[in-house]
Amino acid sequence: MIVSGLSNTRFTNAKAEFMERFEQPLMKINLAFALIMAALGWYGLYVMKFDGSVLTAVVIGTIAVVVAVVGWYRDSVYMLGGGTLGTALLMPTTLGMIPMILGFILFMLLISLRFFISFFDEEH
């Protein structure tokens, strides 16, 4: 019975190590998405002649980009994912709902991957 438990622990740790390979590339994709959305948002603000309502959304979206960048430097998946989601939801673009949906998908992929790794990385 003890040998079976040790074998199971090795198997779950191997799963966690395998999934950790995908975390850094996914973090890079999230950061790139947040920065691209910031550039598109500021360009959209310029095109809309710095309208007050759009300016407020872009400023708050820029704060979300800062959170994403800080999350990248701190290696914090949750800050990076939250910043990506905030940027996707707040930056106005001419692409409609597509960036919002894409940002939510990237957020869910990153956070669920972190939960998966945390779940299988636990020592029992």
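Express the Stokes-Einstein translational diffusion coefficient of segment 24-97 in µm² s⁻¹, to the nearest whole number, given a Kirkwood radius over alpha-carbon pairs, 4 °C and a viscosity of 1.567 mPa s.
It comes out at roughly 108 µm²/s.
Whole number in Å², please: accessible area per residue of the chain, 1.4 Å probe, ligands, DNA and RNA not counted.
Working: 7810 Å² over 124 residues.
Averaged over the residues of the chain, the accessible area is 63 Å².
How high is the relative contact order of segment 45-124? Use alpha-carbon pairs under 8 Å, at least six apart in sequence, and give a whole percent.
In percent, rounded to a whole number, it is 24.
Between residue 70 and residue 118, 0.36 nm times their residue separation minus their Cα-Cα distance comes to what?
Numbers: separation 48, 0.36 × 48 = 17.28 nm, distance 2.14 nm.
Net length gain for the segment: 15.1 nm.
Per DSSP helix of 4 or more residues, -39500 (n - 2.57); summed, then divided by the residues of the chain. What does that give at 222 nm, rounded to the nearest 500? Before the final figure, lay out each step's value.
Numbers: 4 runs with 107 residues, N = 124.
Calculated mean residue ellipticity at 222 nm is -31000 deg cm²/dmol.
Compute the orientation-averaged projected area for the chain from the convex hull of its Cα atoms and round it to one decimal in nm². Mind showing how you got there, number by number?
Working: hull surface 32.2 nm².
It is 8.1 nm².
For the chain, give the percent of accessible area contributed by carbon and sulfur heavy atoms, probe 1.4 Å, rounded to a whole number.
Values: 5690 of 7810 Å².
Roughly 73 percent of what the probe reaches on the chain is carbon or sulfur.
Can you give the translational diffusion coefficient of segment 61-115 in µm²/s, computed by Stokes-Einstein from the Kirkwood radius over Cα pairs at 10 °C and 1.306 mPa s? Show your work: numbers first, answer last.
Details: Rh = 11.0 Å.
D = 145 µm²/s.
The values are calculated or read from the model by the stated rules, or taken from the named source; none is laboratory data. Remember, predicted model here, so these are calculated numbers, not experimental data. In case anyone asks, the SASA skips ligands and DNA or RNA and just uses the protein heavy atoms, side chains included. Shrake-Rupley method; radii C 1.70, N 1.55, O 1.52, S 1.80 Å.
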